[in-house]
Amino acid sequence: MLAVYFLIQVLGQGAIGAPTSTTVPGFTWIPGNPTTTPPEGAIGINLLIDNLSAFMLVLVSFLSLLIAIFSIGYMHEEEGKPRYYAEIALFVAGMLGTVSADNFLQLLIFWEIMGLCSYLLIGFWYHKPEAASAAKKAFLVTRVGDVLFLAGVLIIWNVFHTFRFEEIVARLPALWPSMGPGLIQLIPLLLFGGAVGKSAQFPLHAWLPDAMEGPTTVSALIHAATMVKAGVYLTARSFIFLVPIVPATGEVIAAAVPWKAILIIAGVGAFTAIFAGSMALASYDIKRVLAFSTISQLAYMFLGLGAGAYLMASEGTRPGGELTTAGYSAALYHLTNHAFFKALLFLSAGSVIHAVHTNDMRAMGGLRKPMPWTSRTMLMGALALAGIIPFSGFFSKDDILAVTFETGAENPLFYLMWLAGIATVFMTAFYTFRMWLMTFHGTYRGEGHPHESPRVMTSVLAVLSVFTIGSGLIAFLTNGFGNLIFYGEPHAALPLIAPIVAGNIVEIGLTGLPLALGLAGVGLAWAVYARARAVDWFDRNVVDGIVNAIGRGTVPLGSLSDVFDRKVIDGAVNSISFETVRSSLALRTRQTGQVQNYTWVIVLGIAAILVFAVVLGLLPRVLGRP
Amino acid sequence: MFFLSLLLIVPFAGFVTVLAAGGSLSRARWIALAFSLLDTAIAGVLLLSFLGTWFDPLIGPRTAYPSPAGSFPLYYVERYPWIPPLGMSYILGADGLSAPLVFLTPLLTTLAIVFSWNKDVRPRQFFALLLLMEFSISGVFISFDFFLFFVFWELVLIPMFFLIGIWGGPNRQYASIKFLIYTHVGSVIMLLSIFALYWNGSSAVNQAVYGSSERTFDMTAFLIGATLRDSLGRLIYPSLIPLATQVPIFIAFFFGFGVKLPMVPFHTWLPDAHVEAPTAGSVILAGLLLKMGGYGVFRIGLGMLPAAAANLWWLLAVFGTVSMLYASFVCLAQVDLKRLIAYSSVGHMGFVLLGASSLVPIGIAGGIYQLFTHGLITAVLFMLAGTIKHSAGTRDIPLLQGLGREMPQYSAVLIVAFLASVGLPGLASFWSEFFVFVGWFQGLPTEPWRPLILVPLLSLGITAAYYVWTLHKVVMGEPNPKLGHLHDLNEHEKVSYTVLIGLIVFAGLFPLPFFGMIFDYAGTIPRLLG
């Protein structure tokens, strides 16, 4: 299995050098119109290799390789290992299929396979009631998003008669007037609905913290580094709707830009960032802190995509305006960095949990001495998450905030979103270091004598910490991340060095301040904490309560339907039959035994049937007269 | 050429042989299995003859039916006069609509025989009735004479009535009588509409197609008549059977098929029949009997009354959507696993109506494929309900817990079957449901109704909910100590599950062969509409 990972990785790396996008034709499910090349309306599996998917392929296969190696140590004592590795392998196949799809249907198919693996892996310890409930919740909540996604895909087929990205781009300039103002907004929003479910954005975020009931390696792979990123990936792919361009001239079609949908995407991102960030402040479960933090960081990416699309569309609709894809690049840059540092954080947390056998940070503390490697690698991850220069999170987060700030000039709402982003930076630094300090600082509050994890685990942590520093520097090596991952043609990408440097100067105080406060210690933590506990209460009782209430509410509705079914519908059926029986009992008195009577009845009956038949035959003609 | 007649002769010979020679359990089951396997092989040859030419040396090339009015995409047609003065004949045929269902019939019967391998209560009658069932259901799918069709349609009720009434659960008498009377009422109304067609238009249609002005029960006359055009390229069928005649006949047929399908609100015979029926009976009831209703909608509703269907598509759509949503809601409240599966069948049959209502080839093909895939999936589901009743002594979902520990193989099959029923990609019903929705989205033109196209999608969410809830309760958690130690699957069960799950995965990964065949039929429907 590891060899397969290597192979995939090498293939992926070979592909990233490809200058333009290539489609590798694959297996055909439903053949299309044979007179056109490629067959129009064909449905099948094709591999699309462009800069985005090649990059994602490398990222996903590399991370899953590392996490599979880590699992060798982490899952050492578990039973059901074949099941675990089989499901992980199926998941990786699903994720690679998702990011290399050249059409929305294939994306949806692999998307659902990922969801299935997520369900099975969250419920890996299925005999634990919490794990079973969490798996159920994850499946059902993401299913809501999946149905919206499916609706979007169906509408896309209805309008464009194809699922392929390439053909949609080619047909959009001719077909958008037929979509009308409603569908222009609706298609990207429905696709975003799928992304909201998969990437656990408000209001479909409740499943992700619960999903932490699965093994920590699963949380690291599926619920931090890869699957939850699929929503961001999908939104990046839906740029073809967000910023509709005439391919020949590169002009933005102003009337087909779904401004409201873009605002909703960015707004959901901004709100979820601050909302989930505040939730992370209050949790004592080390994995839940990381889960809320994942939600919050994913929200940054949506904010970046939304702001980027808005900026790109508004500049493109101005005469002579240049298309800037800074937001698109920044969001995917953050996706990359986050994949590395969050995988590192989760695996470090896994290493800690492996040693102390609890998730509760109140039973940890002082682990720096017995677990020096884990402590150091987790510190790296924490610095990256908090956005401290020169760790990777700093660069991409600043890019996103810079783009958002710039978009504020187009629509003042983005200034508000920028403020939310800045506030989240503060909270992120605070909860990250609260977590690290509670775990590694002070004195040990748990039981037993924790030891450092085996070499197979710590070496993975070491490799990931190198990437946590290194992935941030890609931007410098390639003259801006935007030259590596861009939207549209390469010439449209701007070097991002300038915004980064400028952004550093503007925001370094705002980034450093909460970090300083976080490091300052527990004193301020308690003060903020009292308020955060209220947010936690809100989440548990109000938001989660609403989710559960909807769940519980549907059951009585189901029961009601059941009662209705048994009493009313079936009751009506039964009463018809009882009435029949009663009337037949009444008719039994007519059974006189006299043949003459019977003959009469037979004659009358035949007459009645004839009349009925004639009426049935004539009725249509009578009715048919206009 | 009497290739299709073999599909009737073999099971009927089996029925007679089992009755005559099947004195003991072991003899009855082996004879039944032999005949049923032979029948499956014949039906398999028929299915494969739609995909390639491998069997041409054996059965001859598959040629379209050369009617006097032009060739028609119906194959292996056999015509013999039966009661000529009344216009009744013995006509058999097969096409892309019937081939998958004709294959499903002996397949599921064979697996039902394997699954009931140790049925020691009156084995002779039991296995004989299963073969009689196979005979009559095959007859429904291949007969192309209304009278023959109706005879088979009614004959189906008799073995099923006895299967439920003799080998059923505690409340079997109520359930079997309810099943018989309810579906019989549907059949009678169908018979009236057959007569209405016979009296109103059969002679005009016969004149146009076969050049004879006799009244006829020949279904091919109506099917071919609906495709004929005059010199200006206009359809002549509306002048043979005017719309005003078609509409009431369509409604009456629709009622008959709707009871069989079943659709809400004519579905209440189904849960009772299923809960009481033995497993083999349930497999055939849900896997094949319900398909007769869907088959009728496509064959007669769309194929012979196209103008009415084009006007009354909304009727199919409304009943389909209501079935999908309502049955799924009722599923949420079920305690008995078998009742839950029975209601889920009602919901899944709603997809068939929805696909038919779209009136575009892709939606119709999705609806037909749904008939096939649901037949496979629901057979597994009812077998699973039978296994757990046998092993744990109960089907109550609250009592069953932690089966993942006690019965890992069973749980694995349960998870795959449930996910297949949810419509997970890679498994059979994904394609059928997806294409139903594609067709549904494509077929709905008018603006004020547009937002309503999203309503049927809700059922996808509810379906996932009740299945995942059930998995949560049944498979996960710690085992219920009261049930004691449970036996996992036995060999016969493993054979049945392996074959069916294999086909579900195959039909999910390679839908193309099936779709090619079904499109051959589905593609003809729009041409009937104008």
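Does the stretch B:395-405 contain any residue that is touching a helix residue (DSSP H, G or I) at 6+ places or on another chain (Cβ under 8 Å), at pLDDT 85 or above, assigned to a helix (DSSP H, G or I) and not hydrophobic (A, V, I, L, M, F, W, C)? No, every residue in the stretch B:395-405 fails to be touching a helix residue (DSSP H, G or I) at 6+ places or on another chain (Cβ under 8 Å), at pLDDT 85 or above, assigned to a helix (DSSP H, G or I) and not hydrophobic (A, V, I, L, M, F, W, C). Kindly check whether there is at least one residue in the stretch A:412-421 that is surrounded by 24 or more Cβ atoms within 10 Å (Cβ to Cβ) and not in a helix (DSSP H, G or I). Within the stretch A:412-421, not a single residue is surrounded by 24 or more Cβ atoms within 10 Å (Cβ to Cβ) and not in a helix (DSSP H, G or I).
Those helices (runs of 4 or more DSSP H) of the stretch A:129-213 in which 2 or more residues are more than 9 Å from chain B (Cβ to nearest Cβ) and over 19 Å from A:Thr272 (Cα atoms) occupy A:129-160, A:165-198. Could you tell me whether any residue of the stretch B:456-472 is more than 24 Å from the chain's Cα centre (by Cα), part of a loop (DSSP other than H, G, I, E, B) and crowded, with 20+ Cβ neighbours inside 10 Å? Checked against the condition, which is being more than 24 Å from the chain's Cα centre (by Cα), part of a loop (DSSP other than H, G, I, E, B) and crowded, with 20+ Cβ neighbours inside 10 Å, the stretch B:456-472 yields no hits at all.
Only one of the numbered conditions (1) surrounded by fewer than 16 Cβ atoms within 10 Å (Cβ to Cβ); (2) touching a residue at least 60 places away in the same chain (Cβ under 8 Å); (3) among the small types (Gly, Ala, Ser) is not met by A:Ala409, and that is (2). In the set B:Thr216, B:Thr220, which member is of a type outside the set (Asp, Glu), closer than 19 Å to B:Met304 by Cα, more than 14 Å from chain A (Cβ to nearest Cβ) and not in a helix (DSSP H, G or I)? Going through B:Thr216, B:Thr220 in turn, the sole match is B:Thr216. Considered as a group, the residues in the stretch B:475-517 that are crowded, with 23+ Cβ neighbours inside 10 Å and either within 22 Å of A:Leu121 (Cβ to Cβ) or in contact with a Cys (Cβ under 8 Å, 6 or more places away or on another chain) (or both) include one that is farthest from the other protein chains (Cβ to nearest Cβ), and that residue is B:Val475. Regarding B:Leu414, is this residue at pLDDT 90 or above and more than 9 Å from every other protein chain (Cβ to nearest Cβ)? Taking the combined requirement at face value, the residue satisfies it. The numbered conditions (1) modelled with pLDDT of 90 or more; (2) closer than 26 Å to B:Leu315 by Cβ; (3) among the hydroxyl-bearing types (Ser, Thr, Tyr) are all true for B:Thr183 except (1).
Restricting to the stretch A:54-93, give me the number of residues that are within 11 Å of another protein chain (Cβ to nearest Cβ) and touching a residue at least 24 places away in the same chain (Cβ under 8 Å). Qualifying residue count for the region: 3.
Taking the stretch B:197-213 on its own, how many of its residues are assigned to a helix (DSSP H, G or I) and within 11 Å of another protein chain (Cβ to nearest Cβ)? Count: 3. Counting the residues of the stretch A:357-396 that are touching a residue at least 12 places away in the same chain (Cβ under 8 Å) and under 16 Å from A:Leu437 (Cα atoms) gives 26. Those helices (runs of 4 or more DSSP H) of the stretch B:73-184 in which at least 2 residues are of a type in the set (Val, Ile, Thr) and more than 14 Å from chain A (Cβ to nearest Cβ), considering only elements entirely within it, cover B:98-115, B:123-142, B:157-167.
Condition check: of a type in the set (A, V, I, L, M) and at pLDDT 85 or above. Does A:Met371 satisfy that? No; evaluated as a whole, the condition is false for this residue. Residues that are among the aromatic types (Phe, Trp, Tyr), more than 30 Å from B:Ile388 (Cβ to Cβ), touching a residue at least 12 places away in the same chain (Cβ under 8 Å) and buried (at least 24 other Cβ atoms within 10 Å of the Cβ) do not occur anywhere in the stretch B:120-127.
Condition check ((1) among the β-branched types (Val, Ile, Thr); (2) under 26 Å from B:Pro456 (Cβ atoms); (3) in contact with a helix residue (DSSP H, G or I) (Cβ under 7 Å, 6 or more places away or on another chain); (4) at pLDDT 85 or above) across all residues:
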| position | (1), (2), (3), (4) |
| --- | --- |
| A:Gly145 | no, yes, yes, yes |
| A:Leu150 | no, yes, yes, yes |
| A:Leu154 | no, yes, yes, yes |
| A:Val169 | yes, no, yes, no |
| A:Leu175 | no, yes, yes, no |
| A:Gly180 | no, yes, no, no |
| A:Lys198 | no, yes, yes, yes |
| A:Thr216 | yes, no, yes, yes |
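Checked against (1) part of a loop (DSSP other than H, G, I, E, B); (2) without any contact (Cβ under 8 Å) to a residue 40 or more places away in the chain; (3) closer than 27 Å to B:Thr220 by Cβ, B:Leu51 passes all but condition (2). Scanning the stretch B:223-280 for residues that are polar (S, T, N, Q) and outside any loop (DSSP other than H, G, I, E, B), we see that the one that is farthest from the other protein chains (Cβ to nearest Cβ) is B:Thr279. Of all residues in the stretch A:100-114, exactly one satisfies the criterion of being polar (S, T, N, Q) and within 11 Å of chain B (Cβ to nearest Cβ), namely A:Gln106.
The condition (being outside any loop (DSSP other than H, G, I, E, B), in contact (Cβ under 8 Å) with a residue 60 or more places away in the chain and either within 30 Å of A:Arg362 (Cβ to Cβ) or not assigned by TED's automatic domain parsing to the domain that holds A:Trp111 (or both)) is satisfied by just one residue among A:Ile240, A:Ile265, A:Ile274: A:Ile274. For the stretch B:289-331, give me the residue count where each residue is over 20 Å from the mean Cα position of the chain (by Cα), within 12 Å of chain A (Cβ to nearest Cβ) and crowded, with 23+ Cβ neighbours inside 10 Å. Result for the stretch B:289-331: 6. Would you confirm whether or not the stretch A:294-302 contains a residue that is within 24 Å of the chain's Cα centre (by Cα) and not in a helix (DSSP H, G or I)? No, that holds for no residue.
The values are calculated or read from the model by the stated rules, or taken from the named source; none is laboratory data. In this text the structure is predicted, and so the values were computed from the model without any measurement. No Cβ is skipped: glycine too gets one built from the backbone with ideal geometry, and neighbour counts run over all protein chains shown.
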